[in-house]
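Scroll down for the structure; my scribbles are underneath it.
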Ligand SMILES: Nc1ncnc2c1ncn2[C@@H]1O[C@H](COP(=O)(O)OP(=O)(O)O)[C@@H](O)[C@H]1O
Ligand SMILES: [Mg+2]
């Protein structure tokens, strides 16, 4: 059993986003790597509907769908009422029973309602430490459109593109299609501004593809990004830290498919990782410095994976996106790059927990009230 001194770690997984299943895969590895001698681990599964569940063997229950024996729990935004509470139904209504204290949350949740600043908002209100970016970093990292504006403002190159709303697409489809075609020749890429794991991303080869792609992206977000397609090599860098972040060596992904689609990411083991990425040293150094600049520009904390596209035809580099809660399985790029840079998976998790506590202490120095 754990001694009382052990840090209580709340691991959150599942969630309401299209990346629920991916989150379960990442969580399996994180749970396996947390040292039970050091930490008391409290598993919290979030259903597709958004119900938080705790109890015994939560991860297995979430995987199998047999969640009947789990108990609904909640974490209150009131910082004076700390801890995870069970919601117990009684004849007089719902009662809150204290279930566990949480020192640090690890949100192993990709995409909407986990990686986008909303959950981070709850943690901030509650005053509890958590792994990863804060509200702003998470929200800007999640929104591909705003993210590109911030990169451009910082002189970091991004692929040309523009944003349309679902409304514009519904009301003036021809205008949207014309404007998209003015970006350059096909292929063009369409994607939801807020999503991940390539859900809703389409490589469009002609006007009818483009229309289909836009409609598909519009299923997942109110705002849709259209970009010029790059004949791309995909290079990624892991960043770790708060005030003084460090960058890993770069890695390259060679997707088995035509682009790095959902299928290629999770269901096709022919996608290959090259660590380190076979690129010149100066290029690697530029990318590492640029990854850190991007990380700082969006006020990231804890961790992020910074993804670049290298145009095979022109040799130009573009910063594609930042993932503030990157894939975290043992074979995912984020931990693999740290492993290759000398930081094994379990130590990486330890470091992320330290960074979460450090950030909480730093935030606690802020005076929220103005007293004269
Ligand atoms: N402008 C582009 N040119 C070429 N390939 C792209 C472009 N945008 C996206 N892709 C391809 O689609 C994949 C998913 O797009 P990305 O923007 O990274 O969204 P996600 O957050 O879903 O990973 C990329 O890894 C890449 O293979
Ligand atoms: Mg991506």
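Observations, loosely collected:
- Residue within the range 205-221 that is modelled with pLDDT under 95 and in contact with a strand residue (DSSP E or B) (Cβ under 6 Å, 6 or more places away or on another chain) present: yes
- Pair list, Cβ < 7 Å and 6+ apart or interchain, from the range 171-190 residues that are in contact (Cβ under 8 Å) with a residue 40 or more places away in the chain and under 18 Å from residue 231 (Cβ atoms) to residues that are away from ligand 2 (no atom under 16 Å from the Cβ) and in a helix (DSSP H, G or I): 188/180; 188/210
- As a summary of the residue check, residue 120 satisfies the conditions (1) assigned to a loop (DSSP other than H, G, I, E, B); (2) under 24 Å from residue 303 (Cα atoms); (3) in contact with a strand residue (DSSP E or B) (Cβ under 9 Å, 6 or more places away or on another chain) except for the one numbered (1).
- Boolean, residue 339 is farther than 25 Å from residue 144 by Cα, in contact with a helix residue (DSSP H, G or I) (Cβ under 7 Å, 6 or more places away or on another chain), at pLDDT 95 or above and surrounded by fewer than 22 Cβ atoms within 10 Å (Cβ to Cβ): yes
- So residue 73, is it surrounded by 20 or more Cβ atoms within 10 Å (Cβ to Cβ) and assigned to a strand (DSSP E or B): yes
- There is no residue in the range 318-329 that is free of Cβ contacts under 8 Å to residues at least 12 places away in the same chain, over 15 Å from residue 141 (Cβ atoms) and over 16 Å from the mean Cα position of the chain (by Cα).
- Test set (1) in a loop (DSSP other than H, G, I, E, B); (2) more than 16 Å from ligand 2 (Cβ to nearest atom); (3) farther than 29 Å from residue 17 by Cα - residue 277 fails condition number: (2)
- Residue check: residue 303 meets all listed conditions (1) outside any loop (DSSP other than H, G, I, E, B); (2) more than 16 Å from ligand 2 (Cβ to nearest atom) but one, namely (2).
This table checks each residue for (1) within 12 Å of ligand 1 (Cβ to nearest atom); (2) part of a helix (DSSP H, G or I).
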{"residue": "114", "(1), (2)": "no, no"}
{"residue": "125", "(1), (2)": "no, yes"}
{"residue": "145", "(1), (2)": "yes, yes"}
{"residue": "148", "(1), (2)": "yes, yes"}
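- Just one of the listed residues (152, 190, 175) is within 11 Å of ligand 1 (Cβ to nearest atom) and not in a loop (DSSP other than H, G, I, E, B), namely 190.
- Remark: residue 185 matches the filter, which requires a residue to be over 18 Å from residue 138 (Cα atoms), outside the structural domain of residue 276 (by TED's automatic domain parsing), more than 16 Å from ligand 2 (Cβ to nearest atom) and part of a loop (DSSP other than H, G, I, E, B).
- Residues in the range 329-348 that are part of a loop (DSSP other than H, G, I, E, B) and more than 15 Å from ligand 1 (Cβ to nearest atom): 329, 330, 331, 341, 342, 343, 344.
- Test: residue in the range 198-214 that is more than 13 Å from ligand 2 (Cβ to nearest atom), in contact (Cβ under 8 Å) with a residue 40 or more places away in the chain and not in a strand (DSSP E or B): yes
- Residues that are in contact (Cβ under 8 Å) with a residue 40 or more places away in the chain, out of contact with any helix residue (DSSP H, G or I) (no Cβ under 9 Å at 6 or more places or on another chain) and not in a strand (DSSP E or B) do occur in the range 34-57, at least one of them.
- Any hit, the range 178-188, residues being crowded, with 21+ Cβ neighbours inside 10 Å and closer than 17 Å to residue 259 by Cα: yes
- Contact annotation: residue pairs with Cβ atoms under 9 Å, 6 or more positions apart or on different chains, pairing a residue in the range 65-92 that is assigned by TED's automatic domain parsing to the domain that holds residue 20 and on the phi < 0 side of the Ramachandran plot with a partner that is loosely packed, with under 12 Cβ neighbours inside 10 Å and not in a strand (DSSP E or B), are 69/56; 70/56.
- All of 289, 301, 340, 297 fail the test of being in contact (Cβ under 8 Å) with a residue 12 or more places away in the chain and more than 17 Å from residue 244 (Cα to Cα), apart from 340.
The values are calculated or read from the model by the stated rules, or taken from the named source; none is laboratory data. Quantities reported herein were computed from a predicted structural model and do not represent experimental measurements. Backbone-built Cβ (ideal geometry, glycine too); neighbour counts: all protein chains shown.
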